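All of the numbers you see were taken from the coordinates with simple rules; none came from a lab. A quick note: this is a predicted structure, and the numbers were derived from the prediction, not measured.
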Amino acid sequence: MASYVIFRGDVKGYSYLVDRCIKLTDRRYLRTEKLLVEAMLKLIARKPFQDVLIEDIVNEADIARKTFYAHYKNKEQLLWHSLETHFQMIEAETNTLNPDTLLMDNKPLTYPIFKHVEAYCVFYRNMLTQADASAFVFQFWDYLAQKSYEKHKPLRDVAPFMSVPPELMAEMLAGALLGSLRWWLKTDMDDSAEQMAYRFSQIIAPGVMQSMGLDL
């Protein structure tokens, strides 16, 4: 039987209710989570997120509507959890950055991101190019900056010095990557994901290496 932990408190003036702290041994709960994530990823690959309804999600997952709300407050919450789950799967399948070649699995560091956006281009074309999607853009930017910081650790470990704070570098690289993705989506993605990743590295790598005192 699942164990539910409910916490009610007040932090910085806001009241919180945490009722999703459930032991990972609850197989039914995890199975439903998996169904919902898979349903969301399938739906956003087919049509714009703003057109995805809760009804679409529960029908795709083959669950009851009340079951959805036992797991998520709204479709936006499920969306980000679905993307994070997918990102984690991608990350689990990749190795660390090679500081000598600046490649990861013989491809540029950003290749998995370009490949992911290519697979879900319908979703990202709407979410990264529409003015009313700014909340998602900033959330995605934060995620990219965090991963950029983590993935560049092998370079920082061998760098003679850092002329730019690594956190600032991660933010700037994330912003540049978002700009590249937006351009790619708006130009109908004529270049492949691999071509875009190499072009991004060609533009960005010299500055990164110079700021670390490393030879390109």
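Descriptive notes on the structure:
- Once the Cα-Cα distance is subtracted from the 0.36 nm per residue extended length, the Arg156 to Gln210 segment shows a gain of 18.2 nm.
- Whichever aspartates and glutamates have a C-alpha closer than 18 Å to that of Lys147, once near sequence neighbours (fewer than 8 apart) are set aside: Glu84, Glu91, Glu93, Asp105, Asp157, Glu167, Glu171
- Measure of compaction for the chain (Cα Rg per 2.2 N^0.38 Å): 1.17
- Extension gain, Thr101 back to Tyr29 (0.36 nm per residue minus Cα-Cα distance, nm): 21.6 nm
- Cα convex hull of region 94-211, projected area averaged across orientations, nm²: 7.1 nm²
- Reach of Lys186 by Cα under 17 Å, taken over aspartates and glutamates that are not fewer than 8 positions away in the same chain: Glu118, Asp132
- Measuring against 25 Å, Cα to Cα, the residue pairs Lys42/Lys115; Lys66/Lys115; Lys47/Lys115; Lys47/Lys75 contain Lys66/Lys115 as the ones spanning a longer distance.
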